[in-house]
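The values are calculated or read from the model by the stated rules, or taken from the named source; none is laboratory data. The structure displayed is predicted, hence computed values, not measured ones. No Cβ is skipped: glycine too gets one built from the backbone with ideal geometry, and neighbour counts run over all protein chains shown.
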Amino acid sequence: MLAHSPADILVELEEVVAAGPPERCVRILSGIVRLLAATSDRQQELLVNVVDGILLRLTRGVGASALIHLSNALAELSPAPRATLRQLASHEDPDVAYPILLKSQALSMDDLEAVAASCSERHQLAIAGRDRIEAAVVEALVKRGGRAVCLALIANPGARFSNTAYALLVVSCAADDAITKAVALRPGTPDVVVRKLLSASPAKAPARSDAFAAPPAPSPEPAPAPLKRPCSADYASARPEIVALNRLGKLNDSSVNRFAIRGETANLFTALSVLSGAPIEIVEHVMTDDDCEGLVMACRASRLNWQTTLAILSNRSGARLSFTQRERAQHIFESVLLSTSQWTVRWGEIAAGASTSDQAQRRRKTGSNR
């Protein structure tokens, strides 16, 4: 018959630990969990200290299914038996550890750091899913965890990222576009981190956390890279990311500058269209027009600065701008009003020019097919 008072349970526990079969250990574990759950907070705090050592010994004599049940029950308790919690949290079977790591508020930050540094990816993913994760634990997970762990942390709004954690992520981002995108789109990511991400070369990643000391300056003379006109599939792939960046306020000079320098044409054309409010056909027209005036107006309408505009101009044709071309482009950029450039790009002469150019192209295609 199951004992009901704390004294009776403790006596039976000692007997079971000494010579009891596994089935009886399971029964006693269930009894003590019910007892802990039924007591008041003050009584529970006193009781967990009494039964912790015995519980710890009992867990060594039962199977995984009983430990999973115990883990689920203890994960909801606070206070809870600390030594037992730590053993369950670091158990080699992730199914046993998962509920404790995901939910228990009784685990200390040191406990979580220890598991993050020494246990499997399943253990780390459980910690990455907690409602709140302190910065030190996040750092431990980023250092030891793989790609899936990093992505889970970035997606968790309750994870607190330190400068060190961001610096470690930047190193990972150099070879992983998915992590780059996730960090850039994460609400709360500091602007200096986003700029560092978007300006980093995929072939060369920063190796030190002090890389965040100052934002990177756009190169006034980037190496030219000819732009190839995107197809409709390229635009369909690029648009969701561009719209998301714009919604978060992160579609700016840093991101557009990166698109231009890396030759990411679909992203660049779509970004100019979203920022300026002009149809994509107009953006395509000004990007391929021999005269730079339309493109300068489109950049001005997009509220981009001169350095970003220069990067776009320098990388669109594969040939560097001459001194005269650069001087003329800068004069247009500095003299035209924002409102004038916006109207011109959306409704004025550039739109008419794009329409005329498209009609001419269609006529040439029609003639060549005859």
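Key figures
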| item | result |
| --- | --- |
| Checklist (1) buried (at least 16 other Cβ atoms within 10 Å of the Cβ); (2) at pLDDT below 65; (3) closer than 21 Å to VAL256 by Cβ applied to ALA211, failing item | (3) |
| Residue count for region 298-343, restricted to those that are in a helix (DSSP H, G or I), within 34 Å of the chain's Cα centre (by Cα) and closer than 19 Å to SER254 by Cα | 14 |
| First in region 134-155 and assigned by TED's automatic domain parsing to the domain that holds CYS119 and closer than 13 Å to SER118 by Cα, second anywhere and small (Gly, Ala, Ser) and not in a helix (DSSP H, G or I), Cβ under 7 Å, 6 or more apart | none |
| Residue list for region 251-270, restricted to those being charged (D, E, K, R) and assigned to a helix (DSSP H, G or I) | ASP253, ARG258, ARG262 |
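Here is a yes/no grid of residues against (1) touching a Lys or Arg at 6+ places or on another chain (Cβ under 8 Å); (2) under 21 Å from ALA89 (Cβ atoms); (3) at pLDDT below 75; (4) outside the structural domain of LYS103 (by TED's automatic domain parsing):
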residue	(1), (2), (3), (4)
MET1	no, no, yes, yes
ARG24	no, no, yes, no
SER30	no, yes, no, no
ARG57	no, yes, no, no
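Conditions tested, residue by residue: (1) under 18 Å from THR180 (Cβ atoms); (2) surrounded by 22 or more Cβ atoms within 10 Å (Cβ to Cβ).
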{"residue": "ARG229", "(1), (2)": "no, no"}
{"residue": "VAL256", "(1), (2)": "yes, yes"}
{"residue": "ASN267", "(1), (2)": "yes, yes"}
{"residue": "LEU272", "(1), (2)": "no, yes"}
{"residue": "ILE280", "(1), (2)": "no, no"}
{"residue": "MET297", "(1), (2)": "no, yes"}
{"residue": "THR309", "(1), (2)": "no, yes"}
